[in-house]
1. How would you rank 66, 28, going from fewest to most other Cβ atoms within 10 Å of each one's own Cβ?
2. Tell me, rounded to the nearest percent, the portion of alpha carbon pairs in the range 28-114 spaced more than 14 Å apart.
3. Neighbour counts of other C-beta atoms within 10 Å: give me 48, 58 arranged from fewest to most.
4. Going by the alpha-carbon gyration tensor, a ≥ b ≥ c the square roots of its eigenvalues, is the range 68-115 rounded (a/c under 1.5) or, if a/c is not under 1.5, prolate (a/b greater than b/c) versus oblate?
């Protein structure tokens, strides 16, 4: 239930950030995943389904650039740099290693992360982050 509430909160933030876009701009979302795994694949599908239910339809007003590092941290770093070079509007980082790669180098692109057990000890969010408080490198 906590994961569902967290996902819904993220979606509300995403919708409010991009509500200005209406139907005029195609939103580009970079998706980075460390490996193919049933749970991680379901995470991405759930994210996309939730956005679709809020009016963000792939090919209509959203383009996903889905990348898989295939367990290779060097490749995860290359993917993170690719998203910066491509100037995507948002990054969805799935799992700890790919999220670490993204937050290490991006400063201006909003990052939504998921499938991470302990983002504080992983160095993804500051140690003084309180639950429900908007803090971090990007917000």
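Here, each number is a calculation from the coordinates, and none is a lab measurement. Keep in mind the model is a prediction, meaning the values are calculated, not measured. Virtual Cβ from ideal backbone geometry, glycine too; neighbours counted across all protein chains shown.
1. Values: 66 13, 28 16.
Going from least to most buried by this count: 66, 28.
2. Values: 2209 of 3741 pairs.
Tail of the P(r) past 14 Å holds 59 percent of the pairs.
3. Values: 48 19, 58 12.
Ranking 48, 58 by Cβ neighbours within 10 Å, fewest first, gives 58, 48.
4. Numbers: a/c = 1.83, a/b = 1.26, b/c = 1.45.
Oblate, since a/c reaches 1.5 and b/c is not below a/b.
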